[in-house]
Amino acid sequence: MTAAAISSSRFEPSPALVRDRVPPDSTAPQIDRALAELRLQARAWVEVSVADRRAILKELIRDFHGVSDQWMDICRQAEGIPADQPQAGEEWLAGPYVVLRNLRLLEESLADIQRFGHPRIPGPVRTRADGRVTAEVFPASIYDRVFYSGVQAEVWMQRGVTADTLTDTMAEAYRPPSGADADVEGQICLVLGAGNVSSIGPMDFLYKLFVENRVVVCKMHPVNAYLGPLIEKGFRALLDWGVLRIVYGGVDIGDLLCRHDEVDEIHITGSDKTVEAIVFGPGEEGRKRKQDKNPRNTRPISSELGNVSPVIVVPGPWSKADLAYQGENIASMLANNAGFNCNAARVLIQHESWQHRQSLLNEVRQSFERIPTRHAYYPGAAERFQSFVEAHPEAERIGHPSEGELPWTLIPDVQATSDEMALRNEAFCSVMAETALDAESPASFIDQAVELCNETIWGTLNATLIVHPASLVDRDTRAAFDRALADLRYGTIAINCWAAVGYGLVTTPWGAYPGHDLYDIQSGTDVVHNTLMFGKVEKTVVRVPFRMVPKPAWFATHKTCTAMGKRITDFEAQPSITKLPGIFWQALRG
């Protein structure tokens, strides 16, 4: 299928089914008025008490839950997912469920701040041999242990943080200002919403409001601007307080906002190219400004951007059942949201002489054959797809796409070199590559894979390692694996699962590995989510069992994902032990 055949009907911001629900673009006078209203409340928001903020969050939970059914359904329609397909459940998990979880966890953290001055860390705080401090943040409750059996997450702090000083770095916005800081006025943050995942925009502005004390003007992305009216309804309390305003429009409105005198700082989830255009300007002028280190926009900018997400497979004694499970696990890391995720698996890294290398690839292929091809709703997908298959004629196209859909695409055995496009460019569509490293031992393979990820593969947002427990019995392999966790320069490292689990837990910070600047932005700067409000984060490490039972909800072939997604969303709005049997029943049937 050619790019022309796909692009003819698929790359409008949203299908005709929901297009009429998109409000008109905001005008310059409307934007001026919105920013003036926010300016009036910016200082007042800083002084709102913790008790009042908790009351606001409880109101938001009630109101957002009230629009969650509409939210899920309009996202499903816009992305072309039939109501009877399991993939419809993604819209619960990546939308209302995680937003409600975010709201609930923020309220719990504020309750801790009210009592203790900072959020309580639910697990042990440890100091590693290299001096870095880690804090176990998940599971945080009995419900976490029940729903996420075997899942564990810890946050690693930047060097210099000690076990004794860790709490001093938390919830800094809730500490009494002193000295020059006491006179600082409130700030207005422009949040440029993402178009691919419905929870991103709300969770970004919640972070700015409740963790960083900013008031927010949020510009909806044209791809999912149909959500704007539901945001205005579900987050009515924030609009009533005058601390949130929603505006609409394309590149011209975005440029107006980015350069508006009333905007103090900017946050974007999206593309590194967009950040460069904001900071340096478009075209040749922008390139020259970047080269000369002469930005045209000097406002502080935080960002969560793309990634060529690697999946490192540690060789081991896998059974046929292991291979089938992990083949489905890996395929699901791409298939979710039709491949339009910044954390989608993009490069599978294998040991060249591992006896199961080809068997695992075959299981990935077979999993793709069982997963329906998807509506390629995100702008530019057809062109990106075409560029990859033209560069790699050997690319395997799997599935039977209808008009406007793209096949699942596997490019096996790409070269692990710095000029390989699959390692340097995020496909942001239904494309995954595989590469193999020649190493004398599993330990040597792990070391080489870490070097490839850190030095060649583009981005630092997230990486996954898949390792059989028997592999870690070997002393050298175990030591290499531990080195990998310490040395990988990624904001989230997931063990045996899709790194998006780190996005969905919400207690965990989500963002790039620290250290990027505007001249090498890669996956961005700063973090979001982070409901425990850590101030000096290096990375998150998420661990799950090698094989989970029942089947994880993020697997693309989960049969009851939609029903279970609805139930756990209702649970997050109002946790109750009486809701557990229905959730377990749906989970076991998946």
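The values are calculated or read from the model by the stated rules, or taken from the named source; none is laboratory data. Because the structure is a prediction, the values reported are computed rather than measured. Cβ coordinates were reconstructed from backbone atoms using ideal geometry, including for glycine residues, and neighbour counts include every protein chain displayed.
Which pairs have Cβ atoms under 8 Å, sit 6 or more apart or on different chains, and link a residue in region 397-420 that is more than 19 Å from Q386 (Cβ to Cβ) to one that is polar (S, T, N, Q) and in a strand (DSSP E or B)? Close Cβ pairs (under 8 Å, with a partner that is polar (S, T, N, Q) and in a strand (DSSP E or B)) amount to D413/T435; Q415/T435; A416/T435.
Look through R53, R43, R21, R33 and report the one residue that is part of a loop (DSSP other than H, G, I, E, B) and either within 24 Å of F571 (Cα to Cα) or basic (K, R) (or both). Outline the logic, then answer.
Values: R53 fails: part of a loop (DSSP other than H, G, I, E, B); R43 fails: part of a loop (DSSP other than H, G, I, E, B); R33 fails: part of a loop (DSSP other than H, G, I, E, B).
Matching residue, one of R53, R43, R21, R33: R21.
Could you tell me whether Q77 is surrounded by fewer than 22 Cβ atoms within 10 Å (Cβ to Cβ) and at pLDDT 95 or above? It is false that Q77 is surrounded by fewer than 22 Cβ atoms within 10 Å (Cβ to Cβ) and at pLDDT 95 or above. With respect to the conditions (1) assigned by TED's automatic domain parsing to the domain that holds G380; (2) in contact (Cβ under 8 Å) with a residue 40 or more places away in the chain; (3) farther than 26 Å from L488 by Cβ, P295 lacks only one, and its number is (1).
If I filter region 300-315 for residues that are within 26 Å of the chain's Cα centre (by Cα) and surrounded by fewer than 17 Cβ atoms within 10 Å (Cβ to Cβ), do I get at least one hit?
At the first step, the residues of region 300-315 found to be within 26 Å of the chain's Cα centre (by Cα) are 300-314.
Okay, now just the ones that are also surrounded by fewer than 17 Cβ atoms within 10 Å (Cβ to Cβ), so 300.
The answer is yes, given that some residue of region 300-315 is within 26 Å of the chain's Cα centre (by Cα) and surrounded by fewer than 17 Cβ atoms within 10 Å (Cβ to Cβ).
Just one of the listed residues (T165, T169) is surrounded by fewer than 23 Cβ atoms within 10 Å (Cβ to Cβ), without any contact (Cβ under 8 Å) to a residue 12 or more places away in the chain and β-branched (V, I, T), and it is T165.
Being surrounded by fewer than 19 Cβ atoms within 10 Å (Cβ to Cβ) and either under 23 Å from P514 (Cβ atoms) or among the acidic types (D, E) (or both) is a property that does not hold for R115. Across region 88-102, the number of residues qualifying as within 18 Å of the chain's Cα centre (by Cα) and within 20 Å of T373 (Cα to Cα) comes to 6. When residues in region 135-147 are screened for being without any contact (Cβ under 8 Å) to a residue 40 or more places away in the chain and surrounded by 15 or more Cβ atoms within 10 Å (Cβ to Cβ), 3 of them pass. Among the conditions (1) surrounded by 22 or more Cβ atoms within 10 Å (Cβ to Cβ); (2) among the hydroxyl-bearing types (S, T, Y); (3) out of contact with any helix residue (DSSP H, G or I) (no Cβ under 8 Å at 6 or more places or on another chain), the only one that S367 does not satisfy is (3). Return the residue satisfying two criteria in turn: it lies in region 526-554 and is part of a strand (DSSP E or B) and over 15 Å from the mean Cα position of the chain (by Cα), and of such residues it is surrounded by the fewest Cβ atoms within 10 Å (Cβ to Cβ). Per the stated criteria, the residue is R543.
R567 satisfies every condition listed in (1) of a type outside the set (F, W, Y); (2) part of a loop (DSSP other than H, G, I, E, B); (3) on the phi < 0 side of the Ramachandran plot except (2). Looking across region 200-228, the residues that are small (G, A, S) and crowded, with 24+ Cβ neighbours inside 10 Å come down to G201, A225.
Looking at P119, P82, which one is farther than 26 Å from I583 by Cβ and within 25 Å of the chain's Cα centre (by Cα)? Explain how you work it out, then say what you get.
Numbers: P82 fails: farther than 26 Å from I583 by Cβ.
Only one candidate qualifies: P119.
Considering E396, E455, the condition of being in the same structural domain as H516 (by TED's automatic domain parsing), more than 18 Å from P310 (Cβ to Cβ) and at pLDDT 95 or above is satisfied by E396 alone. Of everything in region 263-292 that is without any contact (Cβ under 8 Å) to a residue 60 or more places away in the chain and aliphatic (A, V, I, L, M), the residue that is surrounded by the fewest Cβ atoms within 10 Å (Cβ to Cβ) is A277.
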